[in-house]
Amino acid sequence: MYKEEILEHFKNPRNKGVIEKPSVRVSVKNALCGDAITLTLAIRGDKIEDIKFSGIGCALVTASASLLTEHLKGKSVKILNDINDTFVLKLLGGEITPARIGCALLPLKALKQIKK
Amino acid sequence: MIGAIRKDFPILSRRINNKKLVYLDNAATTQKPKAVIEAISNFYLNHNANIRRGVHTLSEEATAKFEEVYKKTAKFIGAKSVDEIIFGSGTTEAINMAAKCFENSCFWDKEGEIIVTEMEHHSNILPWMSILDRKENIFGFSNVKNLKVIRINKDGILDLDHLKSLLTSKTKIVAISHISNVLGTINPVKEIVKMVKENSSALVLVDGAQAVPHQKINVQSLGCDFYAFSSHKMLGPTGVGVLWCKKEILEKLPPFLFGGGMIEEVYFDKAVWADIPHKFTAGTSNISGVIGFGAALDYLEKTGLSLIEKQEKELVSYCIDSLSNIPGLTIYGPLDISKRGSVVAFTLFGVHPHDLASVLDSYGIAIRSGHHCAMPLHNKLGISATARASFYLYNTKSDIEALVAGIKKAKKIFKV
Ligand SMILES: Cc1ncc(COP(=O)(O)O)c(C=O)c1O
């Protein structure tokens with residue numbers, strides 16, 4: 001589960017921070033462990049110009065947010081409709097134990113709120 | 001001695017991720033000895049029937065086995081009478097029961113105040129909040145008034161001066177844990193009860209979920225009014241818990257659950273309740289569970305709580321010493337072993353408790369990570385989660401050595 005890439009993203013997370021005056025801001029909490037994550041996005045036209053995450057989280061939450069934001073940055077907002085659980089787990093390199101899937105998918109849970 | 005004890009717990013020989021199981025999550029639930037498992041299957045294989053309802057042989061046998069556990073339980077906690085024992089599904093239900101009965105009794109009035117502590121488990125906070133909330137919102141409590149909270153100091157010990165300052169004639173109940181499930185702090189219940197009774201007319205409820213399994217308790221000498229605990233944290237099955245309540249108080253409480261078995265007479269325009277404690281147990285009880293719990297009590301009596309307590313103290317002391325030597329590791333709660341029970345919560349710099357628990361699991365070591373149903377306490381400590389190792393009678397020094405080795409491996413993986 002703790003592959004080099006996950007640990008590397010945990011240690012040096014990409015897109016960590018908060019965008020001032022974001023177009024969208026969403027937050028989620030994991031009631032089980034108290035982890036919380038906030039995503040801020042700057043959207044111009046239909047392009048995700050910038051996306052950042054902040055909050056506290058374990059290695060999986062952090063790496064997942066880092067990888068996901070990296071993937072989304074600069075893309076069209078349409079991509080938000082294509083991102084699902086399977087995609088995120090693949091991004092993390094699979095092999096997540098059942099008890100930790102909630103951690104791995106926490107950032108996605110935040111993203112899903114945007115579509116609403 | 002421990003070798004013999006361990007043989008009584010079949011699950012301890014399981015392998016997890018190809019490693020020997022090291023079970024250090026006893027504060028969440030303990031493993032069950034063969035005697036308990038067999039008592040339950042023996043009941044279903046040979047004696048199963050509903051209780052107190054039939055005159056047939058099986059019903060008589062089941063009733064006798066069930067009633068026997070009332071006696072064992074009363075004896076185990078030093079209750080004056082079996083009529084003071086109410087079986088429910090666990091500590092949580094026991095406290096909810098107490099709160100519901102209390103809310104509708106002569107002991108409560110709408111202006112009343114309730115005192116809890118900063119270290120409480122959610123199950124000893126929320127039932128009291130439910131009495132105090134104005135119930136304006138269906139998604140949660142949003143308007144809770146008159147809940148007072150006793151502070152803890154930096155060592156995780158209750159500030160009794162603060163308690164004293166909170167007590168007034170309006171205080172109606174003080175609800176405290178006997179031993180904290182995170183900090184491990186053993187609260188001075190006797191002293192607290194004395195202070196409460198001298199400064200108010202409040203009743204005292206003690207959440208003993210983490211105490212009864214680990215040390216000999218005597219509800220009469222503690223002086224409290226209610227005491228709650230769970231079977232599954234003391235070798236017994238899940239789905240059984242005990243609410244003990246002083247007879248003088250219990251007699252003044254209304255029932256909270258209505259149905260079969262709790263009445264004397266029923267008509268369409270009136271009903272008369274049965275005597276205590278049956279008045280509080282409507283419906284068919286968890287008969288096999290209670291009988292299994294009886295076997296757990298037998299097992300604990302046979303082993304002896306003083307031996308269990310002594311063994312655990314040695315383990316906790318060894319654990320704290322060993323963990324203290326790990327750079328970057330912070331232990332929460334009192335470091336004075338005489339003031340703490342057998343849970344050790346900690347954090348490791350640079351490794352989230354969830355990640356630590358996952359790494360340990362890959363080596364067959366089971367610990368708990370998270371806020372352990374004590375979110376307000378974690379907020380107070382300024383952290384979102386802790387890792388927690390907790391011990392019981394079958395744990396050994398080598399379990400702690402495995403824990404320490406596992407933590408070192410996690411440090412290596414996370415390069416901290
Ligand atoms: C201090 C304390 N109180 C209450 C509970 C709740 O017990 P149960 O889940 O058995 O109702 C627990 C266990 O999680 C506990 O540790």
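The numbers here are math on the coordinates, done by the rules we state, and not lab data. Predicted, not measured: the structure shown is a model, and the values here were computed from it. Because the Cβ atoms are built from the backbone with ideal geometry, glycine has one as well, and the counts that use them run over all protein chains shown.
In the structure shown, do any of A:LYS11/B:LYS412; B:LYS310/B:LYS409; B:LYS32/B:LYS313; B:LYS246/B:LYS380 have a Cα-Cα gap over 25 Å, and if so which? Intermediate values should be presented prior to the final figure.
Numbers: A:LYS11/B:LYS412 14 Å; B:LYS310/B:LYS409 30 Å; B:LYS32/B:LYS313 21 Å; B:LYS246/B:LYS380 33 Å.
Correct reply: B:LYS310/B:LYS409; B:LYS246/B:LYS380.
If we count every other residue with Cβ under 14 angstrom of B:SER123's Cβ, Lys/Arg +1 and Asp/Glu -1, where does the sum land?
-1
Could you please report the charge total around B:GLY333, scoring K, R as +1 and D, E as -1 over all other residues with beta-carbon less than 9 angstrom from its beta-carbon? Before the final figure, lay out the partial values.
Numbers: positive: B:LYS339, B:ARG340; negative: B:ASP155.
Local charge sum for B:GLY333: +1.
List, in the order given, every pair from B:LYS34/B:LYS397; B:LYS100/B:LYS302; B:LYS7/B:LYS190 whose Cα-Cα distance in the structure shown is over 30 Å.
With Cα atoms farther than 30 Å apart: B:LYS100/B:LYS302; B:LYS7/B:LYS190.
Treating cross-link reach as a plain straight distance, find the lysines whose alpha-carbon is under 22 Å from the alpha-carbon of A:LYS112, omitting any fewer than eight places away in the same chain.
A:LYS16, A:LYS21, A:LYS29, A:LYS47, A:LYS52, A:LYS73, A:LYS75, A:LYS78, A:LYS90
Checking the a/c ratio against 1.5 first, then a/b against b/c, what shape does the Cα gyration tensor give for the protein assembly as shown? Mind dumping the intermediate values first?
Details: a/c = 1.78, a/b = 1.50, b/c = 1.19.
It comes out prolate by the Cα gyration axes.
List the aspartates and glutamates whose Cα sits under 18 Å from the Cα of B:LYS75, skipping any in the same chain fewer than 8 residues away.
Of all the aspartates and glutamates, those that pass the test against B:LYS75 - Cα under 18 Å, at least 8 places apart if same chain - are B:GLU67, B:ASP83, B:GLU84, B:ASP225, B:ASP298, B:GLU301.
Please report the relative contact order for the range A:4-110, taking Cα pairs under 8 Å with a sequence separation of at least 6, and give it as a percent rounded to a whole number. Mind showing how you got there, number by number?
Details: 187 pairs, mean separation 31.1, N = 107.
Normalised by residue count, the contact order of the range A:4-110 is 29 percent.
For the charge dipole of chain A, defined by +1 on Lys and Arg C-beta atoms and -1 on Asp and Glu C-beta atoms about the Cα centroid, which residue among A:ALA65, A:PHE10, A:PRO98 has the Cα displaced farthest towards the positive pole?
Working it through, the farthest residue towards the positive pole turns out to be A:ALA65.
Just add up the charged neighbours of A:LYS73: K/R +1, D/E -1, any other residue whose Cβ is under 12 Å from the Cβ of A:LYS73.
+1
Give the shape of chain A as rounded, prolate or oblate, defined through the alpha-carbon gyration tensor: a ≥ b ≥ c are the square roots of its eigenvalues, a/c under 1.5 means rounded, and otherwise the shape is prolate if a/b is larger than b/c and oblate if not.
Working: a/c = 1.59, a/b = 1.49, b/c = 1.06.
Prolate shape, in that a/c is at least 1.5 and a/b is the bigger ratio.
Quote the charge dipole size of chain A about the Cα centre in Debye, to the nearest 20; the model charges only the Cβ of Lys and Arg (+1) and of Asp and Glu (-1).
I would put it at about 400 debye.
From Cα pairs below 8 angstrom and at least 6 apart in sequence, can you work out the relative contact order of the range B:38-301, rounded to a whole percent?
After rounding, I find 24 percent.
Between A:LYS112 and B:VAL266, how high is the FRET efficiency from 1/(1 + (r/R0)^6) when r is the Cβ-Cβ distance and R₀ = 30 Å? Nearest 0.05.
The computed FRET efficiency comes out at 0.05.
Give the longest segment of chain B that steers clear of GluC sites (Glu not before Pro) in DSSP loops with at most 16 neighbouring Cβ atoms within 10 Å, not counting the sites themselves.
Of all site-free stretches, the longest is B:252-416.
Determine the shielding of peptide A:58-70 by partner chains: average, over its residues, the number of Cβ atoms on other chains within 10 angstrom of each Cβ.
2
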